[in-house]
1. If you fit an axis through the alpha-carbon atoms of helix A:102-116 and take the longest principal axis of the Cα set of chain A, what angle between them do you get, 0 to 90°, nearest 10?
2. With everything on Cα atoms, drop me the angle between helix A:74-88 and the longest principal axis of chain A, reported from 0 to 90° to the nearest 10.
3. In a shell of Cβ-Cβ distance under 12 Å around A:ALA62, excluding A:ALA62 itself, what net charge do Lys and Arg (+1) and Asp and Glu (-1) give?
4. Check each of the trypsin sites (Lys or Arg not before Pro) in the stretch A:288-322 and keep only those in coil by DSSP with at most 13 other C-beta atoms within 10 angstrom; list them in order.
5. Quick one: Cα convex hull volume of the stretch A:379-457, Å³ per residue?
6. For the stretch A:298-387, what is one quarter of the convex hull surface built on the Cα atoms, given in nm²?
7. Only Cα pairs within less than 10 Å get springs; with that Gaussian network setup on chain B, which residue of B:ALA39, B:ALA11, B:ALA62 has the largest fluctuation?
8. Based on the inverse mean of 1/r over its pairs of different Cα atoms, what is the Kirkwood hydrodynamic radius of the stretch A:86-168, in Å?
Amino acid sequence: MSTAPPQRHAGPASPGMFRIGVGAGFAGDRMQPADELARGGGLHAMAFECLAERTIGVAQQARREGTGAGFDSRILRRFSGTLPALLGTGAVVTTNAGAADPIGAAAATRELCECLGLDARIAAVTGDDVLGAIDLTQSRILGTDDTLWDIRDRLVSANAYIGAGPLIEALDDGADIVIAGRCSDAALFVAPLAHHFGWQTDDLEAMARASLVGHLLECAGQLTGGYFADTGRKRVDRLWDLGFPLADVAADGSATYAKLPGTGGVLDRRTVLEQLLYEIDDPAAYRTPDVTIDFSRVRIREREDGAVDVDGARAAGRPEQLKVSVGVRDGYVAVAEIAYSGQGCVARAELAADIVRERWEHVHGMDPDALSVGYIGVDATRPWWRNADRHPSEVRLRMSLRTFDRPAAVTLCEEVESLYTNGPFGGGGVTTSVRETLGIVSTMIDRSAVQTKVTMS
Amino acid sequence: MSTARTLGDIAHARAGDKGDSSILFLAPYAPSDFALVRAVITAERLAEHFEVSDATGITVRAVEELCAFSIVIPHRLDGGVTRSTTADPHGKTLSGHLLSLELDR
């Protein structure tokens, strides 16, 4: 039996401060740090970011085909560990785990609350699904000259990134839990703040300051030392016990960031800076549905108590159009690998790849240039890199293929597997996989064409 | 084993992605190294290091108040996370690649 760590508590938020924490930074995030933060954080709100760009299309497809839930059912495990503490103290909860079916996720959450003996008003936010509302012939695929009409046979889903507006509406109507689908990540944090402080969505400066809070918290452990650690200069204490962050937000939108005392990880200027700017191409014009934000004058100050003060986000307008994430059937991806060790291992892996390429052309009559080849241990993460060290002590040949032809995908797996007895000496550990994939393209839609709706239960 | 000084000796990085572009955060540990880092990460050096044929597509934005940089390398993700079949479709590992850029040359 494992020994549970002692319960760790943050002191209460100072009067006038609104304390918001994060319960998940992505769909596969850990649960235990959220449970601890919910129990010991003294939170007024907790947000769970659980929806990657592709997830909603996959969920839409699963829902339509009846092969699975249209939402991320892991949210129910997250809720069962956090809601008792949160709802007991009157905190509100937001999430985008509703994915393609916020109404269904709300119904499942209702059942969970009944099992747990919790009384909660649950709101579902819908309207982000715009597949029926977009004009395919007029919707240009960003980064191309094509329109959605050109790929109409492959369309699976189209979801607009909506802002905090409908989530605020749900909280203003008395919701304790708000379940949305495709909203901006930051909106999950903006909504509780705007609801509490009475900020209006047309107050762009307030939206910018609230969005900064959301932007820093939305990846959870990435603010507190996760995805940061290195040996040498970036040593992080007890990363196994990484604590998720919280923010004490003042009425002027400035905020102090912290994690539960005693948790592992690190929160300092460097972790804040990495989370602030990574993934942003232009720090002076970061577009969200609620506001375009200028992060270039943000101030970061480390405090003596270990917390960090951050403020200084400014509004730089508001986008007239909303981005739409479009799911597109994209065929199959096959990946097949085989390992080689010892002297000349890379040369043997290269020989193995040549054998598969030759057979692909001469035995199967297909184009070998469609096959991607990488060498794990040499260049698999960057096949274009020519200065790689080509003398590791072992290597895995990794061959992959994207195709609409499922039998071709299977053939690649069979060809790599057959290297066991037909290829170079010493090949081992073959693994193969074929999966159906969903691509994502983006287009834009007029804000006025997106009609959101709040359904309270 | 190379002992040449690299960006990773004086700076830290984190990679993000947007479509087929890699977006790289980079900041020196010491503000006093800001000018040195800036001088090293020219579009030409980055094009060479990321084996991109056209340096004009590469953007380097300095955020002076924060002593940090945002770098955009277009078309380096084999089509991006939803298209790529490489071992790292997000290009998350490119932060490590960036930091291996040699300082003195």
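1. 70 degrees
2. It works out to around 20 degrees.
3. -2
4. A:ARG303
5. So the per-residue hull volume is 256 Å³.
6. Dividing the Cα hull surface by four gives the mean projection, 14.0 nm².
7. Checking each option, the largest mean-square fluctuation is seen for B:ALA39.
8. Computed over the stretch A:86-168, the radius equals 15.5 Å.
The values are calculated or read from the model by the stated rules, or taken from the named source; none is laboratory data. Keep in mind it's a predicted model, so treat the numbers as computed, not measured. Here the Cβ is made from the backbone with ideal geometry for all residues, glycine too, and neighbour counts use every protein chain on show. Just so you know, the surface numbers come from the protein's heavy atoms only, side chains and all, with ligands and any DNA or RNA stripped out. Shrake-Rupley method; radii C 1.70, N 1.55, O 1.52, S 1.80 Å.
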